[in-house]
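Beneath this line is the structure, given in structure tokens, with notes to follow.
The values are calculated or read from the model by the stated rules, or taken from the named source; none is laboratory data. Computed from a prediction, not measured in an experiment: that's the story for all the values here. Cβ sites come from the backbone with ideal geometry, for glycine too, and all protein chains shown count toward neighbours. These accessible areas exclude ligands, DNA and RNA; they are computed on the full protein's heavy atoms, side chains included. Shrake-Rupley method; radii C 1.70, N 1.55, O 1.52, S 1.80 Å.
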Amino acid sequence: MSSIEDKLEFDRKHIWHPYTSLTKPLTCHHVDSADGVHINLSSGEKCVDGMSSWWCAIHGYSNSELNKAALEQIGKMSHVMFGGLTHDPAIKLVEKLLKLVDDKLDCCFLADSGSVSVEVSLKMAIQYCHANGQPQKDRFLTISNGYHGDTFGAMSVCDPINSMHTLYSGYMSDKHIFARTPQCKFNEEWDPKDVVDFEQKLISNHKNIAAVIIEPILQGAGGMRMYHPMYLKRVRQLCDEYGILLILDEIATGFGRTGKLFAYEHSDIVPDILLVGKALTGGYMTLAALTCQRFVAEMIGNDPKTGGSMMHGPTFMGNPLACAVAIKSLELIETGEWKKQCKFIESILGTELMRLENCSIVKDIRILGAVGVVELNLPVDMGWFQKLFVTKHNVWIRPFNRLVYIMPPYIIKEKELLQLTNAVVDVVQCFSQKV
Ligand SMILES: *Cc1c(COP(=O)(O)O)cnc(C)c1O
């Protein structure tokens, strides 16, 4: 199998890609390499990356410092089990992470992917309630349009329609509670009525709610919606008032993406449990982390039923190679450069994407930090969009449903960023003429 065509043919026949059919696959591009903000396709295009490989590659690809950290760690050890053993990469990473998050968050569980960290957070909340003598608390409250991952527990708190809950009913828990998606936008004047549905659902079910789980400020894959900081502030107040744990899923938003290091800072609150992943390793490998307040860990630690254990322990927990790269990624974050970079990206997105304001098929344009979203009033034709993006504009942008959105690596320069925004403007305009 030597030609790219042969390899793509093999891929089409045998390999699933995310959310695609094996028998009727969508087009796939063969990547030769990636460096800086470019994804280099074997077909010759050097595409400017507008996705950061789904929120991850914030420092760009093949970053020399991250490469060096990985190589150095491989020379020592790539992996050892975390049961009964520990090592510098895990210790240093957690030390750094705990310095970045709010001081109240000071216990850490290392997980091997975002979805797994969500599972651990749900189990942690349930264990907390059991240890607290409230085993009847076994439901979670969240909002519609959320996304928390693809494993069953995580899926059970994702948007019920997007995640096709009906398909898995009978197997997956369907007892969780979904409040209306926040309508009040990030920049709008706050309307206290926005949180009333959430408030009512929390009050009428509070005796059975173990925790609220929510993506702060920016909902990712469930619709790329940006909501008002006061909404989250009220969620925190209500959780406090009714003794309900608050889990914030910052797997997408963490490490500066929304213009604050963590999105919860927009609301000036602190969660009881915080989840990070994706950009944690700068997009090099899979690693996620849960941090929580000590009272949560202490409650669980005092439960005689479990001997105080948190009942989870993935094989690749605390993987030294992933931790070593994550340490370096956090060091790059510590320089504070991301603040300038995100502000710069935000300002360019603000002027450039707004050129679509009067386009007939554009419903909404929203920008927050280093994220720009163009919502259309009809679904995109993904194959058509991607072909134009790649062949005409040499950019890598993957729209879904009605959303064309970009969240480039923080290191992107003006020229490359304009290549992305020009591509979005042009392709959306072409699409409006086609439909
Ligand atoms: C991607 C994502 C997850 C799941 O993370 P995986 O590493 O893909 O399992 C969970 N929550 C949010 C908000 C995400 O964006």
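Summary of values
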quantity	calculated
Share, in percent, of DSSP beta bridges within the range 106-247 that are antiparallel, nearest 5	25 percent
Burial order of peptide ranges 390-397, 356-363 (average beta-carbon count within 10 Å, highest first)	390-397, 356-363
Euclidean distance of C-alpha centroids, the range 233-293 and the range 77-124, integer Å	14 Å
Fraction of accessible area attributable to carbon and sulfur, the range 77-335 (%, probe 1.4 Å)	54 percent
Sequence ranges 112-118, 400-406, ranked by mean other-Cβ count within 10 angstrom, highest first	112-118, 400-406
DSSP bridge orientation in the chain - percent antiparallel, rounded to nearest 5	65 percent
Rounded accessible area per residue of the range 77-335, 1.4 Å, Å²	40 Å²
Vicinal HN-Hα couplings computed from phi for the range 25-41 (Karplus, 6.51 cos²θ - 1.76 cosθ + 1.60; Hz; Gly/Pro x)	x, 7, 4, 10, 9, 8, 9, 8, 6, 8, 8, x, 9, 10, 10, 9, 8
Farthest toward positive dipole pole in the chain [+1 Lys/Arg, -1 Asp/Glu at C-beta], among Ser78, Met172, Met51	Met172
Contact order relative to length of the chain, as percent, for alpha carbon pairs under 8 angstrom and 6 or more apart	21 percent
Choice from Ala326, Ala125, Ala297 with maximal GNM fluctuation in the chain (Cα, 10 Å cutoff)	Ala297
Listed peptides 130-138, 246-254, 408-416, 263-271 by packing density, highest first (mean Cβ within 10 Å)	246-254, 263-271, 408-416, 130-138
Global form of the range 246-294, assessed from the alpha-carbon gyration tensor, a/c cut-off 1.5	oblate
Proximal aspartates and glutamates relative to Lys175, as straight alpha-carbon distance under 15 Å, when same-chain residues fewer than 8 apart are discounted	Asp138, Asp159
Table column - 3J(HN,Hα) (Hz), the range 216-222, Karplus curve with 6.51, -1.76, 1.60, x for Gly and Pro	x, 6, 10, 8, x, 4, x
Helix-only mean residue ellipticity at 222 nm for the chain, each DSSP H run of n ≥ 4 adding -39500 (n - 2.57), per residue, nearest 500	-11000 deg cm²/dmol
The chain - charge dipole about Cα centre, Lys and Arg +1 at Cβ, Asp and Glu -1, debye rounded to 20	400 debye
Filter on Lys104/Lys339; Lys278/Lys339; Lys68/Lys387; Lys260/Lys413; Lys123/Lys201 - keep pairs with C-alpha separation over 26 Å	Lys68/Lys387
The chain: Cα Rg divided by the 2.2 N^0.38 Å rule of thumb	0.98
DSSP-defined beta bridges in the range 77-335 - what % are antiparallel, rounded to 5	50 percent
The range 1-65: relative contact order as a whole-number percent, Cα under 8 Å and 6+ apart	22 percent
The range 77-335, relative contact order in percent, only Cα pairs under 8 angstrom and at least six apart counted	29 percent
For the range 280-435, the fraction of alpha-carbon pairs in successive 5 Å shells from zero, as %	2, 8, 14, 14, 13, 11, 10, 9, 7, 6, 4, 2, 1, 0
